[in-house]
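Presented below is the structure to which this report refers.
The values are calculated or read from the model by the stated rules, or taken from the named source; none is laboratory data. Small disclaimer: the values here were computed from a predicted structure and weren't measured. Positions of Cβ are backbone-derived with ideal geometry, glycine not excepted, and every protein chain shown enters the neighbour counts. All accessible areas refer to the heavy atoms of the entire protein, side chains included, with ligands and DNA or RNA removed. Shrake-Rupley method; radii C 1.70, N 1.55, O 1.52, S 1.80 Å.
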Amino acid sequence: MKHLLSTKGLGRAEAIGLLDIAEDMADVANREVKKLPTLRGKTVVNLFFEDSTRTRISFEAAAKRLSADVINFSAKGSSVSKGESLKDTAQTLAAMGADGVVIRHPASGAPEVLAASGWIDAGIINAGDGTHEHPTQALLDAFTIRRRLHGTASRGTGLDGVRVTIVGDVLHSRVARSNLWLLTTLGAEVTFVAPPTLLPMDMSGWPAAVGFDLDAAIAAKPDVIMMLRIQAERMNAAFFPNSREYSRRWGLDDVRFARLAPASIVMHPGPMNRGLEISSEAADSAASTVLEQVANGVSVRMAALYLLMSGDREDS
Ligand code: NCD
C-alpha cells in the first residue's frame, strides 16, 4: 500500500488485512510500554488545513507509538495563511525529509492531488477531505463493529450480514461516504436515514437503502446505528427548520434509544452535538461505542502508518 486516500478503492482482503494488523497494534496499547520501534528514524507530518482535535492527536499518538518523529503543521498561523500554495508546502515538507504525510483539507480531492503530484515522495494518508472521504474513520468504525460483534475472534472476519443504519447529515459527511464503501465491501448492509434536504441529489451508484423515517428505521432493529454530526460549518443555507425540529424527527433521543434492540450498538464519530443528533443518555450508555471508537482510532492509524511507511520504503 503506497497511499491511503479513500475506502472506495479498497479491496475486501486488503481491508480485513489492515483491521487484523490494527488488532495486533491494539495489543501493544495494553502493554505497560506502549511503544514499538517500527518507524524509528521516519518522519510523519500532520498537515492540517482544517480544525481538528481528535483526528490530529490520534495520528500523533499512533505515529509516536511506532517511534516515528512527528511534526504538526496546522495551516492557521502558518505560511499557508500568507498565501503559500499546496505545492510549495509539499515541497518544503519533502525538503525536510517527510516519509509520511497525514493531510486534512477542506477541498475534496486535495490528498489525491498531493499523491499524484510528484512534489513529494511520501506515503499520503487522507485524514478527511471536504465532503469526500475520511478513510481511517471508516476503518476504525469497522474495527469497532467487528470487535463488538466477534470479540477476540474477530481476526480475519468481515461484517457479512451486519445491518448498519447511518443517520443525519449525509450530504456533508465524508464519514458517511467512507463508511458506505468500506462497510459494503466488508459485506454489511447500509441504510441511510436523513431529511431529504440532507441527502445528496444523486445517489445512484450508492449501494445503500434510503429512508426518511427514523422511527421506522429503529423498528427494523438494526445491529448498528451511527449518528452523524450536523455539520453546521458546511451549511450555507437552512437545511432544516430549527434544531428542536431536527432532534424531534432525526435525533436519537431517549425514547428512540429505548426502542433499540438490546444488543445493538450506538456510534458517533465525534465531536457530538449532545441534545441535537444524540441524547446524553444514548451517548453515555453501555450500547455506545463513542470512546471505543477513539481508542480504536489509534490502533487503526498505527496499522495504516505501518503499512505505508515500513516495508518496501526500507532502503537502509
Ligand atoms: C469527523 C470529520 O471531521 O469528518 N470528525 C472527526 O474526524 N473527528 C466527523 C465530523 O466532523 O462530523
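What number, in nm² with one decimal, is the all-direction average of the projected area of the convex hull of the alpha-carbon atoms of the chain? Present the calculation step by step, with values, prior to reporting the outcome.
On the way: hull surface 65.4 nm².
If you wrap the Cα atoms of the chain in a convex hull and average its projections, you get 16.4 nm².
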Sum -39500 (n - 2.57) across every DSSP H segment of at least 4 residues in the chain, then divide by the residue count to get the 222 nm mean residue ellipticity, nearest 500. -11500 deg cm²/dmol
In order over segment 227-241: 3J(HN,Hα) from phi, Karplus 6.51/-1.76/1.60, θ = phi - 60°, whole Hz, x for each Gly or Pro, gives 8, 9, 6, 6, 8, 4, 5, 9, 9, 9, 7, 8, 8, 8, x
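Let's test the formula: R0 of 22 Å, r as the Cβ-Cβ distance of Lys35 and Ile57. What FRET efficiency results, to the nearest 0.05?
Values: r = 17 Å, r/R0 = 0.75.
Computed FRET efficiency for Lys35 and Ile57 comes out at 0.85.
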Bridge orientation stat for the chain from DSSP, antiparallel percent rounded to 5, came to 5
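If DNA, RNA and ligands are ignored and the probe is 1.4 Å, what is the ranking of Glu23, Glu32 by accessible area, most exposed first? Please report the intermediate quantities before stating the final value.
Details: Glu23 10, Glu32 180 Å².
My answer, sorted largest first, is Glu32, Glu23.
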Most positive-pole-ward Cα, Ser154, Leu183, Leu214, against dipole of segment 127-215 from beta carbon charges: Ser154
Using packing as a proxy for protection, rank 65-71, 229-235 so that the peptide with the highest average count of other Cβ atoms within 10 Å comes first. 65-71, 229-235
So which DSSP H runs in the chain come out at 20 Å plus along the axis (Cα) with average Kyte-Doolittle of at least -1.0? 12-29, 135-150, 290-309
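What is the magnitude of the charge dipole of the chain about its Cα centre, with +1 placed on the Cβ of each Lys and Arg, -1 on the Cβ of each Asp and Glu, and no other charges, expressed in debye to the nearest 20? It would help to have the intermediate numbers written out before the result.
On the way: 34 positive and 36 negative charges, 68 e Å.
The calculation lands at about 320 debye.
Could you calculate the contour length gain from Val294 to Ala13, that is, 0.36 nm times the residue separation minus the distance between their Cα atoms, to one decimal place in nm?
Numbers: separation 281, 0.36 × 281 = 101.16 nm, distance 2.42 nm.
Stretched out fully, the Val294 to Ala13 stretch lengthens by 98.7 nm.
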Need the list of aspartates and glutamates near Lys42 for cross-linking: C-alpha distance under 20 angstrom, and skip anything on the same chain fewer than eight residues off. Glu60, Asp69, Asp99, Asp121, Asp312, Glu314, Asp315
Give me the compactness ratio for segment 135-293, meaning the Cα radius of gyration over 2.2 N^0.38 Å. 0.97
If amide H atoms are built 1.01 Å from N in the plane of the peptide, which residues on other chains or at least 5 residues away come under 5 Å of the amide H of Ile125? Leu4, Val101, Val102, Ile103
With the alpha-carbon atoms as the only input, what is the per residue convex hull volume for segment 1-64 in Å³? 120
